[in-house]
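Peer 1: Once you've had a glance at the structure underneath, I'll fire off some questions.
The values are calculated or read from the model by the stated rules, or taken from the named source; none is laboratory data. All figures in this text were calculated on a predicted structure; none of them were measured in a lab. Virtual Cβ from ideal backbone geometry, glycine too; neighbours counted across all protein chains shown.
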Amino acid sequence: MAKGRRQFTRPLDFRTSRKLFIIVAEGKKTEPQYFGLLNNRRSTTRVTCLESGNSPAQLLERIREYLKDEGLKDSDEAWIALDKDHWPDKLLEQLHEWSVVADNYGLALSNPMFEFWLLLHFEEGDGVSTRRKCMERLKVYIPNYNKEVKKNKFPLDKIKEAVHRAKKLDNPLCPDWPRQAGTTVYRLVENILKRD
């Protein structure tokens with residue numbers, strides 16, 4: 001007589017051993033795909049990008065709504081990721097004010113755009129101050145780039161190089177967001193990588 005299959009039940013406190021990163025991103029394709037690369041089934045970290053609108057006010061509303069409904073453990077983190085674009089400083093100040101309310105909140109802003117962060121995976125990003133220049137340079141490394149992030153272009157060693165390059169640009173450390181070409185996305189990525 002064959003033995004019956006043993007039922008597997010996940011312990012109720014399964015989620016307590018995992019660190020969760022909740023990210024509300026301005027982009028609906030690029031950012032979720034990129035941050036999705038940082039998920040690993042064997043990892044203790046889980047990265048989740050929430051859908052939202054794309055204005056700073058909509059991003060802030062979405063993260064607040066999530067935190068009100070779902071809450072956040074002290075060990076988890078909530079982040080807003082967006083481009084500097086044409087957004088006036090007054091709107092960005094609201095996001096920054098939210099990000100300093102708690103130690104586990106953050107603002108990952110790229111100037112001029114998220115693709116600047118992607119470019120840092122390949123080079124220093126010198127002289128990139130416009131969206132057009134950023135896209136031109138990124139297409140040197142990813143010729144058919146169309147806002148799609150492919151895992152083979154962003155292996156862990158390249159991600160670590162991007163963190164290193166972004167840190168060099170963020171010197172002295174900006175207290176809120178980069179006013180010149182730069183990005184604080186590295187702060188979020190560093191925190192995610194620390195867990196694995």
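Peer 1: For the subset of the stretch 41-57 comprising residues that are part of a loop (DSSP other than H, G, I, E, B) and hydroxyl-bearing (Ser, Thr, Tyr), which member is modelled with the lowest pLDDT?
Peer 2: Going through the qualifying residues, I end up with Ser43.
Peer 1: Among the residues of the stretch 4-40, how many are of a type outside the set (Gly, Ala, Ser) and either modelled with pLDDT of 50 or more or in contact with a strand residue (DSSP E or B) (Cβ under 8 Å, 6 or more places away or on another chain) (or both)?
Peer 2: 20
Peer 1: Moving on. Between Leu118, Leu92, Leu82, which is in contact (Cβ under 8 Å) with a residue 40 or more places away in the chain, part of a strand (DSSP E or B) and either among the aromatic types (Phe, Trp, Tyr) or surrounded by 15 or more Cβ atoms within 10 Å (Cβ to Cβ) (or both)?
Peer 2: Step by step, each of Leu118, Leu92, Leu82 is checked, and only Leu82 is in contact (Cβ under 8 Å) with a residue 40 or more places away in the chain, part of a strand (DSSP E or B) and either among the aromatic types (Phe, Trp, Tyr) or surrounded by 15 or more Cβ atoms within 10 Å (Cβ to Cβ) (or both).
Peer 1: Looking at the stretch 142-188, which of its residues are closer than 18 Å to Gly125 by Cα, surrounded by 14 or more Cβ atoms within 10 Å (Cβ to Cβ) and in contact with a strand residue (DSSP E or B) (Cβ under 8 Å, 6 or more places away or on another chain)?
Peer 2: Hits for the stretch 142-188 are Ala166, Leu169, Asp170, Cys174, Trp177, Pro178, Ala181, Gly182, Thr183, Thr184, Val185, Arg187.
Peer 1: Now a separate question. Suppose the filter is assigned to a loop (DSSP other than H, G, I, E, B), touching a helix residue (DSSP H, G or I) at 6+ places or on another chain (Cβ under 7 Å) and in contact (Cβ under 8 Å) with a residue 12 or more places away in the chain; does Lys167 pass it? It would help to see each step written out before you state the result.
Peer 2: On the way: assigned to a loop (DSSP other than H, G, I, E, B): no; touching a helix residue (DSSP H, G or I) at 6+ places or on another chain (Cβ under 7 Å): yes; in contact (Cβ under 8 Å) with a residue 12 or more places away in the chain: yes.
So Lys167 does not fit the description; no.
Peer 1: Another question, if that's okay. Given (1) touching a Lys or Arg at 6+ places or on another chain (Cβ under 8 Å); (2) in contact (Cβ under 8 Å) with a residue 40 or more places away in the chain; (3) surrounded by fewer than 14 Cβ atoms within 10 Å (Cβ to Cβ); (4) of a type outside the set (Val, Ile, Thr), where does Glu77 come up short, assuming only one miss?
Peer 2: (3)
Peer 1: So, one more: Among the residues of the stretch 165-192, write down those that are more than 13 Å from Leu118 (Cα to Cα) and within 16 Å of the chain's Cα centre (by Cα).
Peer 2: Within the stretch 165-192, Lys167, Asp176, Trp177, Pro178, Arg187, Leu188, Glu190, Asn191, Ile192 qualify.
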